[in-house]
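The values are calculated or read from the model by the stated rules, or taken from the named source; none is laboratory data. Values in this document were obtained by computation on a predicted structure and should not be read as measured data. Cβ coordinates were reconstructed from backbone atoms using ideal geometry, including for glycine residues, and neighbour counts include every protein chain displayed. Just so you know, the surface numbers come from the protein's heavy atoms only, side chains and all, with ligands and any DNA or RNA stripped out. Shrake-Rupley method; radii C 1.70, N 1.55, O 1.52, S 1.80 Å.
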Amino acid sequence: MKTRILFLLFFTASQCLSAKEFEGGSIKGILADQQNNPIPFATVILKNSSDSSLYKGEITNEKGEFNFENIKEGSFFLQVHMTGFEQLNRPLEMHSTSPVLDLGTITLAPASKELQTVTVAAERPFIERQIDKTVVNIENSIVQTGSSIMEVMEKLPGVMVDQDGNISLKGKQGVIIMIDGKPTVLSGQDLANMLRGMPSSSIQKIEIITNPSAKYDAAGNAGIINIIMKKNRRDGFNGNVSTGYGLGRYAKYNGSLSLNFKKKWYNLFLNYSYSNRKGFNNLVLNRKFYEGDTLNTVFETDDYIIFPFSTHTPRLGADFYLSKKTTLSVLGTGVINQFQPSANNHTDIYDGHHNRVSSYDFINASHDQWFNYSLNAELKQQFDTTGKELTVDLDYARYWNITDQLFTTTSRDGSDSTLGTTYLTGKQNGMLTLYSLKADYTNPLKNNAKLDAGLKSSYVSSNKNAEFYNRTNSGDAFDSLRSSHFLYSENINAAYLNFSKEFKKISLQLGLRTEHTAANGRQLMNGRSFTRNYVQVFPTAFFDFKLNKDHDINLSAGRRIDRPGYDQMNPFKRLIDATTYSEGNPYLRPQLTYNTELTYSYKSMFFATASYSLTTDNITDVLIQDSETRTTVQTIVNLNKFNYYSLNLSFSKRLAKWWTTNTSLLSYYGVYTGTINKYTINQGIPSFYINTSNSFSIMDGFSAEVSFEYNYKNLYGVTLIKPNSNLTLGLQKSILKKRGTITLNVSDVFWNAYPSGITDFGNVNENWTAVRDTRVVNLNISYKFGDGKGSRMRRNTGADDEKSRIGSN
């Protein structure tokens, strides 16, 4: 019945709109080269035939598409400019009887003379505010040069990283991190370690999508952060080489090499980056234990951890143009991350009257090796020039790690006399294997409509074995209470339909995605196991109303899911220090979120977005203290509800020929309700976040950039995060006939970007500060070489959301 009503409303609206008098038509098309490869970032101009005056201008997107809206009746001619191609001129007529003029695929002829120097045809701003996402063009940023990807994350608009490396978006947890459209396999500390080792020089841009359509996997209640790696867009042989040095408290090095060779029927590419970075995390903590209302014990902890990373990131692939309509692409990627973190923890223990009664030193010496590789094959078949196509993706990935640890704990009494020293050794081996098959079909319909459909199946198996031994003079004794052997498997099958249609002033998109999940987990050490088997439906709806050429309103709604991370369900106690450990929860349930957003835009330079979301069974990190044993457990629970309200204002404009600004103000209010360790929670506070990025063109080839962000205090589960800020400055100079650049920047000038917070809930009272190596001076040099013509290389792959949920253990 509901379906019929929606159909009648849809049909009636379409008839009413078509009955109105002509209010303007649209002209659209796709630019391609002679091998039928789309041409992105080309300049497309529409001029009046009568006097050759400019009527409208566009830049093609990455698929080579352009679309002019609200075109009056009359005669025009289309003009296309793109470096490496001949200029195109084509006469056009717009009639009210044919309001949609689809030019199909327009093939551009190559320029008669190849480029001798590198010329940028259309430079994109650092931050682009689009109606469905925010795009941060990292390769255009001066202040992001020389950073790691994790450091880039910390400076993205609306993104926050806590003391444990967990990433939240606009004050909401549950973010899916993707690389080239493929969700990463890792989460928690494992994801943070990988991102800390990868250099920003390998990134082209980052997309922030807060309300994805049905085409995307349903995971991620806060949205998606999609990291797009750099891609070749030029024919012939060309490449790029870069190197950099950074200095904070410790030194940091990075280098990258990109090689591409593209001919008529194939394209070969190799990217390699290396990063050697050393950072630290100095956690200063005050933890209080109460018996009723009486203060019993106080722990004062100074924990200093050094993170030396040595990371290799190779990418090797090829595109084969089997015909003008058929492309076969293969890609292999890897991350080899070796690091030896060392932690030195000193804790003084006081009674309720602040008399020191004991202390301990806890040392963790670790040697970690992480190996990640993935293989992807994609077949794309275009059936005609209208956009009908089928894409099939096959993915295989394997992730494994080897970790050797030695924990040394020395206990002392109140007068600093040594009471004893204990040794604990650990060896952890983890293996995860992922298989995925996905097919997406696009079918343009009549009257400016389109239908998308797709199927996907993925299978994940995980085997994590952690063995711990208590070392004494008589040898090593196996510790069965601390050891773990966790097996997990998961199969997700999904199908979706997505319908979109454009009217004169209204565009709509309706989607429906169904996912079936079957999962099994078993802890071999204690025999505990669990099974999950459920089907969920995820509808989405998007409506866009063009009030006139300057004003636009967009409304979106959707339902999303966040499944617990694979290791979040592992009931394994991971030692943090002598009295603190983390533990998974095998009884975690998926959290479900209902998202709504209303956006108003003015001239595509000012955006105002009001949003509301309701999350049930909210997955939340919490602390649980035991006053008798004086131990603290970091674990994960389901809270009953999380209500979230926000208003985001953003402004992007070239204020002068030499000055461009991107500024946003986010205000939000989140309320958590539920029960934690028999204590009832119903709390929330209003907060806000300011981010501004300003670029300045000082003179030919010389530019500067200034960015600033400020986070007001906000609630992260049951922890109040204190305010922090970050000011970053950068200068860049073009050299070697604009083929090279030299960049100098300083991040976190006032050293105030690190997190700090207070947890005061139930019997938990904790005040902490985590100082990091956020103030860094970076010097980078890059150079482009080759004599190719402007073109495009396809390098996005399809994959699965399962990859975002492997946690640390």
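Structure notes:
- Mean ellipticity per residue at 222 nm, deg cm²/dmol - from DSSP H runs of n ≥ 4 across the chain, formula -39500 (n - 2.57): -1500 deg cm²/dmol
- Quotient of Cα Rg and 2.2 N^0.38 Å for the chain, N being how many residues it contains: 1.00
- Axis of helix 188-197 versus longest Cα principal axis of the chain: the two differ by about 60°, to the nearest ten degrees.
- Taking the accessible area of the chain, probe 1.4 Å, and keeping the other protein chains in place, the carbon and sulfur fraction comes to 56%.
- Relative contact order (%) - the chain, alpha-carbon pairs under 8 angstrom, separation at least six: 13
- With each label modelled as a point 7 angstrom along the Cα→C-beta vector, the residue 733-residue 257 pair spans 2.8 nm.
- Longest exposed-site-free window of the chain, the sites being GluC sites (Glu not before Pro) in a DSSP loop that have at most 13 other C-beta atoms within 10 Å: 124-627
- Between residue 61 and residue 472, full extension at 0.36 nm per residue minus the direct alpha carbon distance yields a gain of 141.5 nm.
- Extension gain, residue 81 to residue 526, is 153.4 nm, computed as 0.36 nm per intervening residue step minus the present C-alpha separation.
- Full extension of the chain between residue 634 and residue 480 gives 53.4 nm of extra length, using 0.36 nm per residue less the Cα-Cα distance.
- Our summary gives the stretch 615-752 a relative contact order of 15 percent, counting only alpha carbon pairs under 8 angstrom and 6 or more residues apart.
- Tilt relative to the chain, helix 2-19 - C-alpha long axis, 0 to 90 degrees, to 10: 40
- Once the C-beta distance of residue 276 and residue 783 is scaled by a Förster radius of 30 Å, the resulting FRET efficiency is 0.90 to the nearest 0.05.
- Anisotropy class assigned to the stretch 489-636 is oblate, per the alpha carbon gyration tensor with a/c at or over the 1.5 cut-off and a/b no larger than b/c.
- For the stretch 87-101, the Karplus equation 6.51 cos²θ - 1.76 cosθ + 1.60, evaluated at θ = phi - 60°, returns couplings of 5, 10, 10, 9, x, 9, 10, 10, 10, 5, 6, 10, x, 10, 9 Hz by residue, with Gly and Pro reported as x.
- Gyration tensor (alpha-carbon) shape descriptor, the stretch 190-307, a/c threshold 1.5: oblate
- For residue 228, the amide hydrogen comes within under 5 Å of the amide hydrogens of 180, 204, 205, 206, 207, counting only partners 5 or more places away or on other chains and with H modelled in the peptide plane.
- Spread of Cα-to-Cα distances over 10 Å intervals beginning at zero, given as percent, for the stretch 628-745: 11, 27, 23, 17, 13, 8, 2, 0
- Partner lysines for residue 733 [C-alpha distance under 30 Å; skip if fewer than 8 residues away on the same chain]: 113, 155, 205, 230, 231, 252, 262, 278, 653, 657, 784, 789
- Counted over the stretch 427-515 with a bin width of 10 Å, the fraction of Cα pairs per bin, in whole percents, is 14, 24, 18, 15, 13, 9, 6, 2, 0.
- The lysines whose alpha-carbon is closer than 20 Å to the alpha-carbon of residue 72, local same-chain residues fewer than 8 away aside, are 20, 28, 47, 56, 504, 505, 546, 549, 603.
- Inter-probe distance in nm under a simple model that places probes 7 Å from Cα toward Cβ, at residue 713 and residue 769: 1.5
- Applying the Karplus relation 6.51 cos²θ - 1.76 cosθ + 1.60 with θ = phi - 60° to the stretch 374-387 yields 3J(HN,Hα) values of 8, 10, 9, 10, 10, 10, 10, 10, 8, 9, 7, 8, 7, x Hz, where x marks Gly and Pro.
- Sites residue 250 and residue 107, calculated FRET efficiency, Cβ-Cβ separation with R0 56 Å, nearest 0.05: 0.60
- Global form of the stretch 521-575, assessed from the alpha-carbon gyration tensor, a/c cut-off 1.5: oblate
- Modelled spin labels at residue 302 and residue 722, positioned 7 Å past Cα toward Cβ, are 1.7 nm from each other.
- Amide proton proximity set for residue 213, modelled H, under 5 Å, gap of 5+: none
- Taken one residue at a time, the phi angles of the stretch 307-313 give Karplus couplings (6.51, -1.76, 1.60, θ = phi - 60°) of 10, x, 10, 10, 10, 10, 10 Hz. Gly and Pro are set to x.
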